[in-house]
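To start, the structure itself, in structure tokens.
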Amino acid sequence: MILCMGKVAAEKLLNESISINSQHGEFFRYNEIPVMPTYHPSALLRNESLKRPAWEDLKLFRKKLDELEGSQK
């Protein structure tokens, strides 16, 4: 799995334009690998109201990772 920290990282990897504000926390595919964009750490320092959504993204990412690990056992 890949966690893209910020809009630029997600757009470069996925080779498509995204809106980080509306598409953070969603899963995309890159060569059959799950990819999730979330806010860049510098954005969290500039705007504290983004910390809660970023934390929810990380929890969702972890849940998906646990599901994938469980399916490989």
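Checking each residue in region 30-61 for being surrounded by fewer than 16 Cβ atoms within 10 Å (Cβ to Cβ) and of a type in the set (Gly, Ala, Ser) picks out SER42, SER49.
The helices (runs of 4 or more DSSP H) falling completely within region 15-73 that include 3 or more residues that are free of Cβ contacts under 8 Å to residues at least 12 places away in the same chain map to 41-46, 51-71.
Within region 21-49, the only residue that satisfies the criterion of being touching a His at 6+ places or on another chain (Cβ under 9 Å) and either farther than 29 Å from SER71 by Cβ or among the polar types (S, T, N, Q) (or both) is THR38. Which condition does ILE18 not pass, out of (1) in contact with a Lys or Arg (Cβ under 9 Å, 6 or more places away or on another chain); (2) farther than 28 Å from SER71 by Cα; (3) surrounded by 18 or more Cβ atoms within 10 Å (Cβ to Cβ), if it passes all the others? Going through (1) in contact with a Lys or Arg (Cβ under 9 Å, 6 or more places away or on another chain); (2) farther than 28 Å from SER71 by Cα; (3) surrounded by 18 or more Cβ atoms within 10 Å (Cβ to Cβ) one by one, ILE18 breaks only (3). Consider LEU44 carefully, then state whether it is more than 30 Å from GLN72 (Cβ to Cβ) and touching a Lys or Arg at 6+ places or on another chain (Cβ under 6 Å). Yes; evaluated as a whole, the condition is true for this residue. Filtered by the rule that a residue be open to solvent by 50 Å² or more (accessible area, probe 1.4 Å) and part of a helix (DSSP H, G or I), region 1-10 gives LYS7, VAL8.
The values are calculated or read from the model by the stated rules, or taken from the named source; none is laboratory data. What you see is a predicted model, and the numbers here were worked out from it, not measured in a lab. Cβ atoms come from the backbone with ideal geometry, glycine included; neighbour counts cover every protein chain shown. Ligands, DNA and RNA are excluded from the accessible area calculation, which covers all protein heavy atoms including side chains. Shrake-Rupley method; radii C 1.70, N 1.55, O 1.52, S 1.80 Å.
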